[in-house]
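What follows draws every value from the coordinates through simple rules; no lab data is involved. Here the structure is a predicted model, which means the values were calculated and not measured. Neighbour counts are summed over all protein chains in view; Cβ atoms, including those assigned to glycine, are modelled from backbone coordinates with ideal geometry.
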Amino acid sequence: MQIETAWVKPPLQVGGLDHLAVQAPCINIYGRMLPGITNVTDRARYYSFYPWLIWSFDKAGYHEFDDSFVERFRRADCLFCLIAQRHAAVCGGDADDHAAAMVGSDTLAAVARSLGDEGAIRLSDFSLREGATKRYFANKLGGLGQYYLGVLRELSILDGDSSSGVRYTRQVGAVIAERMDFSVDRQLFMSVVDADLVTASQLDELSSFCPCQLCSSPGEQEILSELFFVKNGFDESEALPRRRSLQLILHLAALLCANDAELSETHFRACTYAGSLPDGTPWDIPRSLSTTRERWAIYARNELLSLAVQGLFFALLDAYEASAIRLYSSADIADWFIEQPEVSEALDVLGAETTFSQCVSDSQSWLPELTGWQKPMHEVQLTERIATLTRARKSADNRRDIVEAALRTLIALASRNNSTERQYADLVFEEDYFGYYPINLESFARHSSGNWAPSKLRDVLRWLLINWGLEMHLRVALRKLRGQSQSTFRIRPSDRGMEVIAIPPAVHTRPRFNQAVRVLKDIGALERSAAGWQPSAFGKEQLELADAP
């Protein structure tokens, strides 16, 4: 019998995301609500610039997708960023209007600032994939390949991939490209790309390419607004949630501005959840947008559940790591944690021996009205506190406060819930979806009105630490290890017992709100006022589409 031995390389240890699979339903929901906008598609003008660039290459006779094409493309991508950075430096004001989220900014911002009035930049010093002085971006097709290609294909603006080549579509991409071409100097732009050298004066001459100039390109502004607001040739039913969500943001922006409140992701999440403004007054929403607000409220409710569960997981791992003890099972760790003084103190505040159902009834004495989300004991503020504390200096006091805030959040969610209703309303998930993501609003409703209800709060906490904490994490990490050959364990079994690898803080998902707001600013639907951002006249016109089919 022949026996062979060999070294087995350990799996790559990575940070990973969503260690408890609790954020997935949130991500699923906001993906449906803002299709065509992602967390990395920050600027509206890239939706026109990339098809324009490939269309322009085609016009210039560059048809072959070869190394020469790719290098020319990368020089153009660099140039686009340099134009925005130069315009920001020359014009002053808010640099974000010009250069926020421009591809390559981390490298090229300082280069543009140091240019002076007589300087010049060799584009290939930053665009070359091999041999660049300081490469602006690693991806073969720069920002297109890394961020925008998937969305532009989804919107039928571009076709192809980074291997076989990227093409503009004639029915959409070419039309957008032609609209942009009316307002920019294609000849100068292409001559700079071909020369591989740009001067300060040329960057100034090319300022019409800056993203802040989109509103000065009427045809381009019009077609991009039609795209984002799902009008005319872009009126596909599956894209309508994008229109409604953008309109909802515009509607909220007007009210927040009138109340001297910031248009922020935090306010959007809280206002949609509670249906009220920061001062507690109801958010009077047009009927056409009420369903959209309700769907975003479901997202926000799932987000609150996510923060509470993540907070408990953080506190457990933090205490276990600080103790330097080693235990061999999830149950043993949970039992040990519950006996810690900080956890006992948190439980005693709410009643460790009180049943969960009684805790829900007792919440009437401390839980604010749903609309009063600025009050400290509201679940919105409790979860913000969890997120803050998990990033603060680790201590027993912080762990106590996290556990208390997490339990209060779960009690608040149960108190406001009607378990007989569909927790996700008209949002339908694919079959067996929740088998992969067991921590969700449906399972929370079942447990809070079922097995948790007669159980003591202490026992509910133990159940959460084991089933929605340690065991869930091991299940998720093993699934990622099997499917991706990557180790995302934050705590894992070893010969010496369970050992902590890292302690993930409790984090929000990012529901594409900031990207949506940036798009609205870029296309001129939001304008700056003394009190903040508010809908422009153009933005108000888009709000009037609320009752359109």
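So which of Thr488, Thr509 is in contact with a Cys (Cβ under 7 Å, 6 or more places away or on another chain) and buried (at least 17 other Cβ atoms within 10 Å of the Cβ)?
It is Thr509.
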| query | Hey, Ser183 hits all of (1) touching a residue at least 12 places away in the same chain (Cβ under 8 Å); (2) assigned to a helix (DSSP H, G or I) but one; which does it fall short on? | reply | (2)
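Counting only residues that are polar (S, T, N, Q) and assigned to a strand (DSSP E or B), which one in the range 485-531 is farthest from the chain's Cα centre (by Cα)? Give the steps one after another, and end with the answer.
Applying the first criterion (polar (S, T, N, Q)) to the range 485-531 yields 485-488, 494, 509, 514-515, 529.
So of that shortlist, the ones also assigned to a strand (DSSP E or B) come out as 486-487, 529.
Details: Gln486: 23, Ser487: 23, Ser529: 26 Å.
Looking at residues that are polar (S, T, N, Q) and assigned to a strand (DSSP E or B), I get Ser529.
How do the helices (runs of 4 or more DSSP H) wholly within the range 416-469 filter down when requiring 1 or more residues that are hydroxyl-bearing (Ser, Thr, Tyr) and within 24 Å of the chain's Cα centre (by Cα): which remain?
Helices (runs of 4 or more DSSP H) meeting the threshold: 433-436.
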| Of the numbered conditions (1) free of Cβ contacts under 8 Å to residues at least 24 places away in the same chain; (2) out of contact with any Phe, Trp or Tyr (no Cβ under 8 Å at 6 or more places or on another chain), Trp336 satisfies every one except a single condition; which is it? | (2)
| field | Criterion (farther than 21 Å from Ala537 by Cα and surrounded by fewer than 20 Cβ atoms within 10 Å (Cβ to Cβ)) met by exactly one of Thr281, Thr272 | value | Thr281
| field | Residue in the range 517-539 that is farthest from Ala261 (Cα to Cα), counting only those that are in contact with a Ser or Thr (Cβ under 7 Å, 6 or more places away or on another chain) and in contact (Cβ under 8 Å) with a residue 60 or more places away in the chain | value | Ile523
